[in-house]
Structures are given as structure tokens and as C-alpha cells.
There are 2 protein chains.
Amino acid sequence: MSNTDLLPVLEPEAVPCCPPLDERPLTAEEAERTAVMFKALADPVRLRLFSSVASHEGGEACVCDISDVGVAQPTVSHHLKKLKEAGLLSSERRGTWVYYRVEPTVLAAMGAFLARAASA
Amino acid sequence: MSNTDLLPVLEPEAVPCCPPLDERPLTAEEAERTAVMFKALADPVRLRLFSSVASHEGGEACVCDISDVGVAQPTVSHHLKKLKEAGLLSSERRGTWVYYRVEPTVLAAMGAFLARAASA
């Protein structure tokens, strides 16, 4: 009954996104990769879900914990999957539910990318 | 000696996007506003232009300085305008050209938003 979702996995040692923004223009390939991550956060519902996970007790949440963003549970699952595919959330199945957690490496890199630009 | 946790505080009138991500779920209105900024960076061409401005000599550039992202000048102008509308670039007309510069306050807030999530 449970079909395992095999999602693309980021290499643990992979540089998650981007060189310092004020160093040089991004290459086309770097820009494509980085845009995917920003695109994942470019949707209000995904942003609300993302902040729901980040602020949830213990820093993790399952679909069962998130029901107040005004969309149905399958839509919540769909958006969480998108965030995971972009590398912003990691997930772990425990029993019936998949628990999502913010992926610190990727977010730290995106944050640094912007912070460098801010001080450029 | 108390270890007061004094986090960098943004000027009240200059809160450009978002409360600390790990504090509470974003409201619908906050998420709408924040999504606009991430959407501006969710396009590879805009990311390349953005990094071109940030890394350009003096931290500013006009359309005349940016010609190597594989799109025509009117398209470059269009994307720079989008980045400006999202609050990520500021601009100043000098003579014939409009010069663009990274808007540090907004970027710092976006960076902090992500960094807080990274340490959540």
C-alpha cells in the first residue's frame, strides 16, 4: 500500500548553492541551481508551511501537525515534497507519518549568499 | 554577568520582510509579502543579473555594464526593474543611464530569515 517516494537526494558534501554573490556573476549553471531553491520559497503557502516546520516544537513537523494554512492535507503534502526536492527540508518516516525538518546546510548557504550581497 | 541574547534588531520602520522564522508560523499577509522577494530571485536570469550588480566595481551597475547573460538589453532592463520592485535593488538615474545597487537592508533581513531557520 505504501509506495515509497524516492526523491532526489542532495549529496551531503555538495556545495548547496552558490558562491559569494559579490565575488563574480553566477554562471548559467549556478544560477539555474540556485533559482530552484528560491523558487521553492517563492510561494506564500510554502513559506507558511516552511515557517510552521521551523517553529514547530522540536524543529520538526508532520502533515498531521500542520493544518492551519487554509489548504487541504494533500496540498500540504505536495508543498512539503516540493520543499524537500529543493533541499530545504529533510524528511524521515516514523510509523504512519513522514516528519519534516529544516535542512540547515542549504539554508545557511542561501542566507550567506544574501548576507554577502547585503554587505557588498 | 548575564548572557543576554540580544539579537540584531531591525529598525521598526524598516522591517522589510519577515519575523524570525523559527518563532512562529508566518501569517498569510507576511507570507504574501515575503514570497514576492523570493520570487524575484527565483529566476536564473535575474539571479545572474543580481550577482552581476553585486559583484560589479563599486557595487553598482547599469544596463550598459551587463551584457553577458545571453538576453537582449530590454530584457535586462525588465528584469532589473522586477528586482527593484521587489525591493532587492535600488536605482539612481545619472545622465543617460539608470544605475542599480543592491539594497542591503532587505537582503540582510532575507538572509537573517534563512539563517535563523538554519539554526532552528
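The values are calculated or read from the model by the stated rules, or taken from the named source; none is laboratory data. Here the structure is a predicted model, which means the values were calculated and not measured. Virtual Cβ from ideal backbone geometry, glycine too; neighbours counted across all protein chains shown.
Being surrounded by 22 or more Cβ atoms within 10 Å (Cβ to Cβ) and at pLDDT 90 or above is a property that holds for B:VAL53.
Entry remark, the stretch A:16-61: residues being farther than 15 Å from A:GLY87 by Cα and part of a loop (DSSP other than H, G, I, E, B) number 11 in total. Return a yes/no flag: does the stretch B:62-72 have any residue that is in a helix (DSSP H, G or I) and in contact with a Cys (Cβ under 7 Å, 6 or more places away or on another chain). So far as the stretch B:62-72 goes, no, none of its residues is in a helix (DSSP H, G or I) and in contact with a Cys (Cβ under 7 Å, 6 or more places away or on another chain). Residues that are within 24 Å of A:ALA40 (Cβ to Cβ) and touching a Phe, Trp or Tyr at 6+ places or on another chain (Cβ under 9 Å) were ranked within the stretch B:56-82; the one that is surrounded by the fewest Cβ atoms within 10 Å (Cβ to Cβ) is B:HIS79.
Condition check: in contact with a strand residue (DSSP E or B) (Cβ under 7 Å, 6 or more places away or on another chain) and under 21 Å from B:MET37 (Cα atoms). Does A:LEU83 satisfy that? Judged against the criteria, A:LEU83 is a match. Residues in the stretch A:82-109 that are more than 23 Å from B:GLU29 (Cα to Cα) and in a helix (DSSP H, G or I): A:LYS84, A:GLU85, A:PRO104, A:THR105, A:VAL106, A:ALA108, A:ALA109.
Scanning the stretch A:110-120 for residues that are assigned to a loop (DSSP other than H, G, I, E, B) and of a type in the set (A, V, I, L, M, F, W, C) returns a single hit, A:ALA120.
Each row is one residue, and each column tells you yes or no for (1) on the phi < 0 side of the Ramachandran plot; (2) modelled with pLDDT under 85; (3) more than 14 Å from every other protein chain (Cβ to nearest Cβ); (4) out of contact with any helix residue (DSSP H, G or I) (no Cβ under 8 Å at 6 or more places or on another chain).
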| position | (1), (2), (3), (4) |
| --- | --- |
| B:THR4 | yes, yes, yes, yes |
| B:GLU11 | yes, yes, yes, yes |
| B:PRO20 | yes, yes, no, no |
| B:PRO25 | yes, no, no, no |
| B:LEU49 | yes, no, no, no |
| B:VAL63 | yes, no, yes, no |
| B:GLY70 | no, yes, no, no |
| B:THR75 | yes, no, yes, no |
